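Novice: Below you will find the structure I want to go over with you.
Every number in this text was worked out from the coordinates using simple rules, so none of it is lab data. All figures in this text were calculated on a predicted structure; none of them were measured in a lab. With ideal geometry, Cβ positions are generated from the backbone for all residues, glycine too; neighbour counts draw on all protein chains shown.
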Amino acid sequence: MFDLIPFEQRSRNMFDYFNRMSQEFFGDWDKDFYPCRTDVLDQGDKYVLKADLPGFNKEDIHINIEGNYLTLTAEHREENDNSNGNFIRRERRYGSFSRSFDITNIDADRISARYDRGVLELSLPKKETALPPSRQIEIQ
């Protein structure tokens, strides 16, 4: 009764049948593969990393730098409710995850972060590359 979808969209496209069949066979494995979806944008002098972390409190998110790696860690804690485990259906997950990013060419001292409405945004300034001084070479 709780799995019924009142208005399921029907399609006659043959590829929809194959997509649905593979989804039923493999399940939603891709949702578990990446704990948080991220986008990385190149804005010239910096990179901007945006990570979807819906449902997390700012206090539950930790960003650490060790060597040339930035590690993003977040943890959902199980809510203590008075249901005594009498769930009919429980889909919300609790636990922690960690994801690391290589920041070799990033100025780690100038990284900044902000969290707003479930999206963590990191500003990752690029290291300035020193160009060798220009000079003219004589032809002999």
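Novice: Return the equivalent ellipsoid semi-axes of the stretch 50-140 as a descending list in whole Å, where each equals the square root of 5 times an eigenvalue of the C-alpha gyration tensor. Can you show the working numbers first?
Specialist: Values: eigenvalues 444, 26, 20 Å².
Here the semi-axes work out to 47, 11, 10 Å.
Novice: Given R₀ = 35 Å, FRET efficiency for Ser134-Arg99 by Cβ-Cβ distance, to 0.05? It would help to have the intermediate numbers written out before the result.
Specialist: On the way: r = 42 Å, r/R0 = 1.20.
According to the calculation, E is roughly 0.25.
Novice: Students often get this wrong: which residues of the stretch 111-127 have the backbone nitrogen under 17 Å from the point 7 angstrom along Cα-to-C-beta of Asp42?
Specialist: What the label zone holds, given the 17 Å backbone N cut-off, is 124-127.
Novice: Using a basic spin-label model with each label point 7 Å from the Cα along Cα→Cβ, how many nm lie between Thr73 and Arg89?
Specialist: 3.4
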